[in-house]
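All remarks here apply to the structure that follows.
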Amino acid sequence: MHDRPLPFGPELRRLRLRAGWTLTRLAGAVHYSKSQLSKVERGLKRPSPTLVRLCDEVLCAGGALNGLVAAQQPEEPVGDGAASAGRPPEGARDGEEGEVWLMGMAPDGGWFRPVPRSMARREVMAAGAASVFLLPGAGAARAEGSGVVAAARSLFGEYRRIGQTSSPALLLPALIAQTHSLRGLAAAHERRTRAQLLGLAARYAEYVGWLVQETGDNAGAVWWTDQAVQLAEAGGDRSLTAYASVRRGLVSLYQGDAAATVALAAAAQKTGLPWRIRGLAAQREAQGHALAGDFDACMRALDRTRDWLSREPSDGGPVIGTSHLRDPAAMAAGWCLRDLGDPAGAAAELDREIAALPPHADRSHARYGVRRALAYAEAGEVEHACSLLESLLPTVDSVDSATVRSDLAQLAHVLRRHRTLRAVRALEPRVAASLHPAAPAVGGHTPPSDSPFDSRGKD
């Protein structure tokens, strides 16, 4: 507490109101809590140098806020008391300016907030934070130059590779942290680098949305997709708004809403959008038409998928959507033929495309492999379906995908009609354990009453 209000606070408030910003909006832009900013504006809390630079940047103050604080910076207090605003947090390297942040998960996508510099390390750990790490100050970030963009792109590729073999729950905390970090770094760079960093942050957020859907949280998936759109637009890229419709279409597809899937996908096929987004939208439309049983409309959409995806040039940046399919249109055709009532045709198409998947693409193998086994079972080749599924279940368990389990549940219902077969009976406990991960996968286990293999229900 100071004897008199700091002049920085009233000026910050004046500039914020001039820009038409609420305190909540400013808090989101500079990644400080609303309560902290309120104290700064009222002169009850001294702003850190990082906060000053961020506010100057986002409010387009032209250095006025930086100069105001620099001209009236009081002397650093001495002694062994609590750390002052100008002192690095405990554990920081000598001369390093930064902030300690806490991150946690919540139903709306998680929270992410700075820790007061006066909080001791032991208090941070006692808070039970999901993640504690040091973010560089704006000055340090600016000095890193364009290498930040290359590093962030490379790291994104690594995260996507890990995402092919791991449960979403293992990746989400790190990906959320990276998304917030990139957004913060963007504010410390010049316009071109800022746009690139915001674009990468948008890709991170979009990928988070996909993994959140893989956990079974559709509302969270939509929330994160919206964040991706906002980040992309802040970086000058409005095309991700269209791709958000494709992502929402996927949610509708798994909910069995064919009409909504088609409508959302059609909205993302406007002239002028990137070819890849239009191609992925056409693919989603094809899946919607297949779900509705419209063969002709499905085939027309698949033709557009092949045409548009073949036109997209590669710029070396992160690819929107899957990057492991040799021919996305052909794989989509296999997916659609099963919904169109041609499981044998679907199985043959999926056989060819799954054979071309990279060995490390576990999530893709699980997704399309379960779909292939389902097609074979519906085509009457039940024992072959069981053979395929038996070798695939360890992969299904490792990727822990709610969307894959939705197809596995359909397959379990089909297999239940053939319980007299030895192969089906042998596989029952294993499938039940994969559908209900908390249940023990042992031979004497009795599936819960809602299991598709439970003899008390009917299809």
What is the extension gain from residue 310 to residue 34, computed as 0.36 nm multiplied by their sequence separation minus the C-alpha to C-alpha distance, in nm to one decimal? 94.6 nm
Show me, for the stretch 251-266, the HN-Hα J-couplings you get by feeding each phi into the Karplus relation (A = 6.51, B = -1.76, C = 1.60, θ = phi - 60°), rounded to Hz, glycine and proline as x. 4, 5, 4, 6, 8, x, 9, 5, 4, 5, 4, 5, 5, 5, 5, 5
Sorted by accessible area (1.4 Å probe), largest first, how do 167, 35, 398 line up? 35, 398, 167
The simple spin-label model distance between residue 387 and residue 402, using points 7 Å out along Cα→Cβ, in nm, is 3.5 nm
Distant-in-sequence amide H partners of residue 44 (H built 1.01 Å from N, under 5 Å): none
Just in the stretch 17-70: which trypsin sites (Lys or Arg not before Pro) are loop by DSSP and have at most 13 other Cβ atoms within 10 Å? 42
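Grab the Cα-Cα distance for residue 151 and residue 348, subtract it from 0.36 nm times how many residues apart they are, and report the gain in nm with one decimal.
66.8 nm
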Net charge around residue 301, counting only other residues with Cβ within less than 14 Å of its Cβ (Lys, Arg = +1; Asp, Glu = -1)? -1
Note down the accessible area of residue 261, probe 1.4 Å, to the nearest 10 Å². 0 Å²
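The values are calculated or read from the model by the stated rules, or taken from the named source; none is laboratory data. Note that the structure is a prediction, hence the values are computed from the model and not measured. All Cβ positions, glycine included, derive from the backbone under ideal geometry; neighbour counts span all protein chains shown. The accessibility values were calculated without ligands, DNA or RNA, using every heavy atom of the protein model including side chains. Shrake-Rupley method; radii C 1.70, N 1.55, O 1.52, S 1.80 Å.
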